[in-house]
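The values are calculated or read from the model by the stated rules, or taken from the named source; none is laboratory data. Note that the structure is predicted; figures quoted are calculated from it, not measured. Please note: Cβ atoms are built from the backbone with ideal geometry, for glycine as well, and neighbour counts cover all protein chains shown.
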Amino acid sequence: MKRQYFGTDGVRGPYGGPVLTDAFAERLGFAAGKFLLAQSPERRRVFLGRDTRASGPALLEAVARGMAAAGMAPVSLDVLPTPAVALAVAQNYAGPGVMITASHNPAEDNGIKFFLPSGLKLSDAEELAIEAILPTAPATAPAVVLPHLDFAADYRAAVGRLFPPGALAGWRIALDTAHGATVGTSPAVLRGFGAAVTLLGGAPDGRNINAGVGSEHPEALVALVCQGGFRLGVAHDGDGDRCVLCDETGALLDGDEILTILALHALRAEKLKARTLVVTEQSNLGVDAAIAMAGGRVCRTPVGDRYVMERMRSEGATLGGESSGHVICADVAASGDGLVAALMVIAVMRETGRPLSELRQQLRKFPQRSSALKVQEKIPLENVTALRDTIVALERELGAEGRVLVRYSGTEPKLRLLVEGPSDSIVDAALARLETAARSGLQVV
């Protein structure tokens, strides 16, 4: 059965739009509370965090009202990165956790993510079960007085144990917090290690989250690093569960490069659990080649960090992630964490004495092109004849030297197209054919 409201990473959409309203959030909170309380009746307390969007307080309170009506005991964590909410749940043996965020989306969007008492995200089956309870949710719920827990200091302390005090003395780091949830955590942690931090995107006003800054818009970070003197640049998304890096020359590193650096370093030290790296179908084929050459293996999952975590658990692996910058270091973090990912790469730089511009050369990417087309309706791809036939033809032509990936975004009204192949010209031509076929069968806006 297909989920109606949940996407790749929770429920997400324009605040005040056809789905994401305070009334819906209240009902969703009730349904989630009923389901989760039935799974763990002894765990009634639930932690709720949010990013810096103007709509965050109202949505957090709406979800809290619904969960309280279902019998839960909600506690507000206020503004906090998503990985900190997951850590609060895991460390305090609470019930579930909730994060109010639309991640890298613009400020007018928002969303709701749920965490199990283990700190893991919900499975598809659990999301379906919650949706099945939604029709029974009351139209309104009584107001609730929310107790507040200041967990930011606990999160900073937990991450601050990864290095000894003063470990980054003499390091200049450019940091972009996207006017988002990491503004009160990442700068403090890095400065606590002795780094000199130059901050971008550090003045949230409720409307500027991800606006020309952060992991989706790293241009200002690149320009700053190119001025010289920085060891690296780090850019988070709005809720801090991902990052992209910038080496000392101003060149960007995505999640594939970060994961390859970490996996190869761990393989050489015989510390990569199960000698396995877990990535999604979006990752470049060069990752597989680099890891295989070092004696490891790569497992692939559908797009979504929760699918990565599920596969990591089944494989006994502790490292995985996405090309978008979600990196899960499960031996040191409860979930994907952009700050932890950056610190793990910095650890490799410290241990090897090699700059990031050199470490990144370990991944030789296959030529790859991608695009995203905004669509009015997500028509099943098997019903878009021209696009389906073009995919089949391209897969036959590329054979083992490339691949084609076409999917709808789980969080936005977009069709995502990706092609890898043996040369730039072949990949460019293939992507153009895909776009033409998509436009002929879909209403692209």
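Remarks
- Residues that are surrounded by fewer than 24 Cβ atoms within 10 Å (Cβ to Cβ) and out of contact with any helix residue (DSSP H, G or I) (no Cβ under 6 Å at 6 or more places or on another chain) within the stretch 186-203 comprise Pro187, Arg191, Gly192, Phe193, Gly194, Ala195, Ala196, Thr198, Ala203, listed in sequence order.
- Residue satisfying condition, being closer than 22 Å to Asp9 by Cβ and at pLDDT 95 or above, within set Gly304, Gly295, Gly321, Gly336: Gly321
Every residue, every condition in (1) closer than 15 Å to His236 by Cα; (2) charged (D, E, K, R); (3) outside the structural domain of Glu216 (by TED's automatic domain parsing), yes or no:
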{"residue": "Glu310", "(1), (2), (3)": "no, yes, yes"}
{"residue": "Ser314", "(1), (2), (3)": "no, no, yes"}
{"residue": "Leu319", "(1), (2), (3)": "no, no, yes"}
{"residue": "Ala333", "(1), (2), (3)": "no, no, yes"}
{"residue": "Val340", "(1), (2), (3)": "yes, no, yes"}
{"residue": "Ile346", "(1), (2), (3)": "no, no, yes"}
{"residue": "Glu351", "(1), (2), (3)": "no, yes, yes"}
{"residue": "Pro355", "(1), (2), (3)": "no, no, yes"}
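- The set of residues from the stretch 66-110 being touching a Pro at 6+ places or on another chain (Cβ under 7 Å) and crowded, with 24+ Cβ neighbours inside 10 Å comprises Met67, Val89, Gly95, Pro96.
- The number of residues in the stretch 9-32 that are in contact (Cβ under 8 Å) with a residue 60 or more places away in the chain and either under 25 Å from Asn92 (Cα atoms) or not basic (Lys, Arg) (or both) comes to 15.
- Flag if Thr318 is of a type in the set (Val, Ile, Thr) and surrounded by fewer than 19 Cβ atoms within 10 Å (Cβ to Cβ): no
- Tally, over the stretch 402-445, of residues that are among the small types (Gly, Ala, Ser), in a helix (DSSP H, G or I) and touching a strand residue (DSSP E or B) at 6+ places or on another chain (Cβ under 8 Å): 2
- Only one entry of Arg388, Arg439 meets the criterion of being surrounded by fewer than 18 Cβ atoms within 10 Å (Cβ to Cβ) and touching a residue at least 40 places away in the same chain (Cβ under 8 Å), and that entry is Arg439.
- Evaluated against (1) surrounded by fewer than 19 Cβ atoms within 10 Å (Cβ to Cβ); (2) in contact (Cβ under 8 Å) with a residue 12 or more places away in the chain, Leu339 falls short on exactly one condition, (1).
- Matching option when the condition is farther than 30 Å from Gly111 by Cβ and either touching a Ser or Thr at 6+ places or on another chain (Cβ under 8 Å) or loosely packed, with under 15 Cβ neighbours inside 10 Å (or both), among Ser409, Ser423: Ser423
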